[in-house]
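A short reminder: the numbers here are calculations on the coordinates, not readings from a lab. Note that the coordinates shown come from a computational prediction; the quantities given were computed from them, not determined experimentally. Using ideal geometry, Cβ is built from the backbone for each residue, glycine included, and neighbour counts are taken over all protein chains shown.
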Amino acid sequence: MAKYIFVTGGVVSSVGKGISAASIGRILKSRSISVSVQKLDPYLNVDPGTMSPYQHGEVFVTQDGAETDLDLGHYERFIGVDLTQASNVTSGQVYSAVIAQERRGDFLGGTIQVVPHVTNEIKRRIRQVAGISEVDVVIVEVGGTVGDIEGQPFLEAIRQMRKDEGRDNVLYIHVTFLPYIAVTNELKTKPTQHSVNELRRIGIQPDIILCRSDKEISEGIKDKISLFCDVNKEGVIPLVTSETIYEVPLLLEKYGLGDFMVNHLGLDAKESDLCNWRELVNELKASKEPVTIGLVGKYVELQDAYYSVREALCHAALTHNREVKIEWLNSEELQDGHYDKLEQVQGIIIPGGFGYRGTEGMVESAKFARERRIPYLGLCLGMQTMVIELARHVLHVQDANSTEFDRNTSYPVIDLLPEQRGVNQKGGTMRLGTYPCHLVPETKAARAYGCEVTYERHRHRFEFNNAFRQPMEEAGMIASGLSPNGELVEIAELRNHPWMVACQFHPEFKSRPDSPHPLFVSFIGAAKETLIKGAQTSLPIS
Ligand code: GLN
C-alpha cells in the first residue's frame, strides 16, 4: 500500500515548492524507496496547453502526450522517472468529470456538492497514481498557496486522506518563506505562523515546515517556528537559497529531512546514497569556461517559458566540462538584420513557439547561423524557421513560409499535418507525446545519437511539406530523421555546415542532469569549437 506526502505552500508563491517536491523524491529514491509525483493545479483550465507562457511558463509534455505544468519537468529531471497524464490534475479536469457523471445520471436523486463529490474525485485521482505506478510513496504537490479560494477543495481532499489512509501513512509538508528585513538584520517568522494557522483552520497540521529564506536560519528562529506552529524542531527545515536548484536535495538531506520522512512513514529504507548526485552538484558549482549560446525566442523576458531548454543546455554543457551562458535574445528585436547580438554567441538555439509574432527574427537568426557557419539547434518551431530560411534565401522564394504564418504563401514549405485538417477544438488536439524517429545513417543526427531509432516527445500541428522535399534537398537540406513510414521529417539538417540540425520534436523534455540529451550534447560540442566576435566572418559564406 502506498504512503502519501502532501506538499503545500504558504506566504508567497515561487518559493520553490516544485523543486522541494522534486527534491523529496530524489531523497527517497536515494534510499531505494520507489516514488511517483503528482501536481494538483487549482485553476479551471483542463490543462495548461491553451495558456500563454506569460501566464504559466513552459508547458511540459509527458511521454503519453499530456500537456502539463512545468513542475513535472522538475520531477522527471530530479527523480529520473517518466510521468504520465495522471500526474497533473487540475480543477478543470475534476469538475468536468464530476459534471459528466452527474449528466450521465450517476448521482440520480442526489445534490452534487464540493464535499463529498468533488473531493472524492480528487482523492480518486490521487490514489490512481499509486495504482498505476505501484510505488512505495506518492508525493503530491498542491499548486498555489494556502488561502487561495480555488485551492480549498484540494486541501479538503488531502485533509481527508489522513483519516482514510491512516495517520502513519500520510505526511504533510508546508513550504513557507521567511522575509528578511535589512534595517534590523532579521528574518521574520510571522507570515509562516499565519500561513500555518490558515492550514490548521482547514484541519491540516503540518508535520514538517520547509523554511525558504535568502539568509541562514538561526536556531532561535527554528525554535520560534517550532513553538508557534506546533512542529517538532527536527521538522523545521531550512531551505536557504542555493547556487543551483540541484543542490536542494543535498541541503534538505543535510538537515535530516530523509530520516524524518522515513521514520514518520515507517518506510523500509536503505542508507541514503546521494554520492553521484553530490558529484553532479560539485561539477555544476565548479567554475568552468563558458560556452555562449544565443536563445532566440519571443518570451525571453520570461525565462520560465523555456525552462526545459535552459536545463538541457546546462546538462549538455557539463558533459563538455563547460558552463553554459545563455544570451536571451528577443526575436522581434533581431528582425531587419540587427545582428550585433548574434555576433557574440557560439551557438544559436531556436525553441518552440506558436503564432507569427517574432518568427521573422527567428528566420533571420537561422540565416545568420547558416551563412556564418555557427552551430544551430532548432526545436520544433526552430526546425520550421530553418526550413523557411533555406527556401527563401537559397531557393530564392521570397514568400516561402509556414501556412501557420501566411495562409496564402506561394511556397508552403511547412504545412498543417493531414490529421490536423478539420480540427477546430484548440485544447489537447495537437500531435502530442512520444513517436519513434528513424535516424538516417551517416548524418549528424545519427552520429549524435549513436543509434538507429529514437523516441521523442512532440507538440505541434504543422510539419515539413513533402511536396518540397526534392528542391529543399537540392538546396542542402538532409532529412536525417524520419517517421517509420518515411513520411514525416522529424529531423532536418544542412549538408554544408558544421552543425545545423533541427528537429520537429522537443528533445529538451528528455534531458536529465545525469543523462543529457544527445542532440544537445552534440550541439554544445560543436558550439564550443566556435570562436566569438566576428572570428567566423572570415569563413566563406556557403
Ligand atoms: N507552431 C508550430 C506547430 O504547431 C510549432 C510548435 C512548437 O514549436 N511546439 O507546428
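Some points to look at:
- Taking the centroid of alpha carbons for each part, the stretch 37-81 and the stretch 110-141 are 18 Å apart.
- Cα-based helix-to-principal-axis angle, 91-104 vs the chain, degrees rounded to 10: 80
- Taking amide H as placed 1.01 Å from N in the peptide plane, the amide H of GLY9 sits under 5 Å from that of VAL146, VAL175, each at least 5 places away or on another chain.
- Which of VAL453, ILE491, GLY428, positive extreme of dipole for the stretch 394-535 (C-beta unit charges): GLY428
- Here the stretch 277-333 is treated with +1 on each Lys and Arg Cβ and -1 on each Asp and Glu Cβ, and its dipole about the Cα centre works out to around 240 debye.
- Annotation: peptides 505-513, 377-385, ranked by per-residue average of other Cβ atoms within 10 Å with the highest first, follow the order 377-385, 505-513.
- In percent, rounded to a whole number, the relative contact order of the stretch 8-135 is 27, using alpha-carbon pairs under 8 Å and six or more apart.
- Rounded to the nearest 20 debye, the dipole magnitude of the stretch 196-322 is 340 debye, with +1 charges on Lys and Arg beta carbons, -1 on Asp and Glu beta carbons, and the Cα centre as origin.
- Projected label points at ASP514 and ASP268, each 7 Å from Cα along the beta carbon direction, are separated by 2.3 nanometres.
- Gyration tensor verdict on the stretch 330-467 (Cα atoms; rounded if a/c is under 1.5, prolate if a/b is larger than b/c, oblate otherwise): oblate
- The stretch 160-288 shape via C-alpha gyration tensor axes, a/c threshold 1.5: oblate
- When +1 charges are put on Lys and Arg Cβ atoms and -1 charges on Asp and Glu Cβ atoms, the dipole computed for the stretch 66-218 relative to its Cα centre reaches about 520 debye.
- Across the chain, the mean sequence separation of Cα contacts (distance under 8 Å, 6 or more residues apart), normalised by length, yields a relative contact order of 15 percent.
- Sorting 391-401, 94-104 by their mean Cβ neighbour count within 10 Å, with the most densely packed peptide first, gives 391-401, 94-104.
- 0 to 90° range, to nearest 10: angle between helix 219-229 axis and the chain longest Cα axis: 70
- The mean sequence separation of alpha-carbon pairs under 8 Å and at least six residues apart, normalised by the residue count of the stretch 311-399, gives a relative contact order of 26 percent.
- In Å, descending, principal axis extents of the Cα set of the stretch 284-404: 48, 27, 22
- Peptide packing for 147-154, 67-74, 107-114 was compared via the average number of neighbouring C-beta atoms within 10 Å per residue; ordered from the highest value, the list is 67-74, 147-154, 107-114.
- Per-residue ³J(HN,Hα) for the stretch 412-426, Karplus 6.51 cos²θ - 1.76 cosθ + 1.60, θ = phi - 60°, Hz, x for Gly and Pro: x, 5, 10, 9, 4, 4, x, 5, 8, 5, x, 7, 10, 7, 7
- Against the chain, whose longest principal axis comes from its Cα atoms, helix 275-285 is set at around 60 degrees.
- Taking every DSSP beta bridge that has both ends in the chain, the antiparallel portion is near 35%.
- Too-long pairs where the Cα-Cα distance tops 18 Å, listed order kept, from LYS325/LYS528; LYS325/LYS444; LYS188/LYS224; LYS3/LYS39; LYS29/LYS215: LYS325/LYS444; LYS29/LYS215
- For the stretch 242-283: rounded, prolate or oblate by the Cα gyration tensor [a/c cutoff 1.5]: oblate
- The residue list TYR4, VAL98, CYS437 was ranked by how far each Cα lies along the charge dipole of the chain toward its positive end, using unit charges on Cβ atoms, and TYR4 comes out on top.
- GLN470-ARG167 FRET efficiency (beta carbon distance; Förster radius 45 Å; 0.05 resolution): 0.05
- If R0 is 51 Å, the Cβ-Cβ spacing of HIS338 and ARG104 corresponds to a FRET efficiency of close to 0.30.
- Set of aspartates and glutamates with alpha-carbon distance to LYS222 below 19 Å, sequence-local pairs under 8 removed: GLU186, ASP207, ASP214, ASP230, GLU234, GLU253, ASP259
- Across the stretch 362-372, computed HN-Hα scalar couplings (Karplus, 6.51 cos²θ - 1.76 cosθ + 1.60, θ = phi - 60°) run 6, 4, 4, 5, 5, 4, 4, 4, 5, 5, 8 Hz from first to last residue, x flagging Gly and Pro.
- Of GLY73, GLN38, ILE27, farthest towards positive along the dipole that unit charges on Lys, Arg, Asp, Glu beta carbons give the stretch 23-108: ILE27
- The Cα atoms of the chain cover 72, 61, 44 Å along the three principal axes, with the biggest extent listed first.
- Other-chain or far-sequence residues with amide H under 5 Å of VAL37's (modelled H): ILE139
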